[in-house]
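J.: Have a look at this one.
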Amino acid sequence: MGYLVKEVQPTPNPNAMKFILDRPISEGRLSFLDPAAGHSHAIAARLFAVNGVTSLLFLGDFVTVCKSPAVRWAGITAKVKRVLAGD
């Protein structure tokens, strides 16, 4: 069962966005600093498959997604929501 993204919030870093979910995704902090770090985690691996995603943080009911400065959020946000929804 996937997650509903209730809200997307900007962070002080213009290359990071916080995706607030309908329920917890992890009990503790999970950091994936590159695709290799996330290859064994199903959701992280799918998020890294989104062009431009460079690192991830899962904590409680949110996921922070960091992107490459060369990629615009307009091309990433909807894809991240679909991955989190389990589509």
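J.: Specify the residue with the greatest mean-square fluctuation among Pro69, Pro12, Pro35, computed from a Gaussian network of the chain linking alpha-carbon atoms under 10 Å apart.
T.: Ranking Pro69, Pro12, Pro35 by mean-square fluctuation puts Pro12 first.
J.: How large is the charge dipole for region 5-85, taken about the Cα centre, if only the Cβ atoms of Lys, Arg (+1) and Asp, Glu (-1) carry charge, to the nearest 20 debye?
T.: Using Cβ point charges on Lys, Arg, Asp and Glu, region 5-85 gives about 240 debye.
J.: Most mobile of Gly28, Gly52, Gly38 per a Gaussian network model of the chain (Cα springs, under 10 Å)?
T.: Greatest mean-square fluctuation among the candidates belongs to Gly28.
J.: Something else: If you build the convex hull over the alpha carbons only and average its shadow over all orientations, what do you get for the chain? Give it in nm² to one decimal.
T.: 5.1
J.: Give me, ordered by chain and number, the residues 5 or more places off Leu21 or on other chains with an amide H under 5 Å from its own placed amide H.
T.: So Leu21 has HN proximity to Lys6, Phe62, Val63.
J.: Have a look at Val53, Val71, Val63 and tell me which one the Gaussian network model of the chain (Cα, springs below 10 Å) gives the largest fluctuation.
T.: Evaluated over the chain, the most mobile residue of the options is Val71.
J.: Related question: Using Cα pairs under 8 angstrom and six or more residues apart, how large is the relative contact order of the chain, in percent?
T.: Dividing the mean separation by the residue count of the chain yields 34 percent.
The numbers here are math on the coordinates, done by the rules we state, and not lab data. What you see is a predicted model; the values in this text were computed from it and never measured. Because the Cβ atoms are built from the backbone with ideal geometry, glycine has one as well, and the counts that use them run over all protein chains shown.
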